[in-house]
Amino acid sequence: MLSISYRPIESIGHVVDRYWSRSTNPGENIEFMPFRPSPGGVELFFHVAQGFLLNGKQPPRAHVLCCRSQPIHPKAVPGFHFLAVRIRAGMAENLLGVPVSELADRIVPLEVIWGQEATVLTEQIATTALDSTRIHLLNHFLQQRLNPRAERRTLDAAFRLLETGTLSISKICDLVGLSERQIENRFRRATANSPVRFRQLARLRRTIKAILQDPNEKFTQLVDEAYFDQSQAVHDFRRFTGLTPTEFCELARRSAHFYELRSPALARQSR
């Protein structure tokens, strides 16, 4: 399998984390791990050649994927090729023009979001031979649709504090100047998660990435430091993945995944 990731242009880098793709040869069969509930990011998929199935069904050729409460199971088709846009946590409304709370646990055709323009873009991406040209098309298209919201600075600070710290929600509210009701409402609109759930999924994601980087390491050595103890981590794994940590590690050892474990270079390829 060929994996490629690219940085977006600087003017949209605060919204778009990266462009990334996966492709296989016609005779190559790959088993993928499920998409797991995300703290606040959203993915846009463009199927260049064969697509993949999601929960046993063929998704639209270009679609939004917003996984929040339950894993979504992809099944690769031999010879598939897609290009995806990873939107940073809480930033999707700036590009899509709709609250993320309306996209939660849905697979939405991009035509529903952007109309005929999405249809034209999808066809251009599918018929273009070079990834560099596809990235140029996406940079231009997304830059034109960027619509910054006035309250972003306050939310950005809250995101950082929740993702990396252990402060209480009430303390974070004091620091960013919002009431608990205000921050709850803004988080649900921007991420489709409450602040508490956002923090739970963020620490789970960090632990999952640590496992994927070294699936043979003992789980006890990989648990994120934000967990109070190992039993709390086990509880989160069961709740959000449907698996015990041991079962998840076994799955990680035999399956491919859609996580990006390194920061994207201007152009990076790996097999």
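For VAL120 and ASN55, the difference between the fully extended length at 0.36 nm per residue and the C-alpha to C-alpha distance is 20.7 nm. If you sort the three axes of the alpha carbon gyration tensor as a ≥ b ≥ c, you get a/c of 1.5 or more for region 187-230 and a/b no higher than b/c, which makes it oblate. Pairs of Lys residues in the chain, spaced 8 or more positions apart or belonging to different chains, with C-alpha separations under 29 angstrom: 6 in total. Rg of the Cα atoms in region 152-254, relative to 2.2 N^0.38 Å, amounts to 1.19. The slack between LEU243 and THR128, meaning 0.36 nm per residue of separation minus the straight C-alpha distance, is 37.4 nm.
The packing ranking of peptides 62-69, 245-252, highest mean first, is 62-69, 245-252, where packing means the average number of other beta carbon atoms within 10 angstrom of each residue.
Magnitude of the charge dipole for the chain, about its Cα centre and with charges confined to Cβ atoms of Lys, Arg (+1) and Asp, Glu (-1), is about 120 debye.
Rounded to the nearest 20 debye, the dipole size of region 152-254 about its Cα centre is 480 debye, using +1 on the Cβ of Lys and Arg and -1 on the Cβ of Asp and Glu.
Label-to-label distance for HIS257 and GLU102 is 3.3 nm, based on points extended 7 Å past Cα in the beta-carbon direction. The largest-to-smallest principal axis extents of the Cα set in the chain are 51, 45, 33 Å. Considering only ILE169, ALA192, LEU204, and ranking their Cα positions along the charge dipole of region 152-254 that arises from unit charges at the beta-carbon of Lys, Arg, Asp and Glu, the one farthest toward the positive end is ALA192. Across the options GLN124, VAL85, HIS47, the greatest Cα extent toward the positive end of the charge dipole of the chain (unit charges at beta carbon of Lys, Arg, Asp, Glu) belongs to VAL85. One decimal place: the segment ASP156-GLU180 gains 7.1 nm when fully extended, by the rule 0.36 nm per residue minus the C-alpha distance. Taking all Cα pairs closer than 8 Å and separated by 6 or more residues, the relative contact order of the chain comes to 24 percent.
Highest-first packing order for the peptide set 83-89, 105-111 is 83-89, 105-111, based on the mean count of other beta carbon atoms within 10 Å.
When the Cα gyration tensor is reduced to axis lengths a ≥ b ≥ c, the ratio a/c is 1.5 or higher for region 2-148, and with a/b not above b/c it is classed as oblate. Of the peptides 94-100, 138-144, the order by per-residue mean of other Cβ atoms within 10 Å, starting with the highest, comes out as 94-100, 138-144. Across region 152-254, C-alpha contacts under 8 Å between residues 6 or more apart give a mean separation that, scaled by the residue count, equals a relative contact order of 20 percent.
Taken together, the values in this text are just the output of simple stated rules run on the coordinates, not laboratory data. Just so we're clear, the structure is a prediction, and the values are computed from it rather than from any experiment. When we count neighbours, we look across all protein chains shown, and the Cβ atoms used for this are built from the backbone with ideal geometry, even at glycine.
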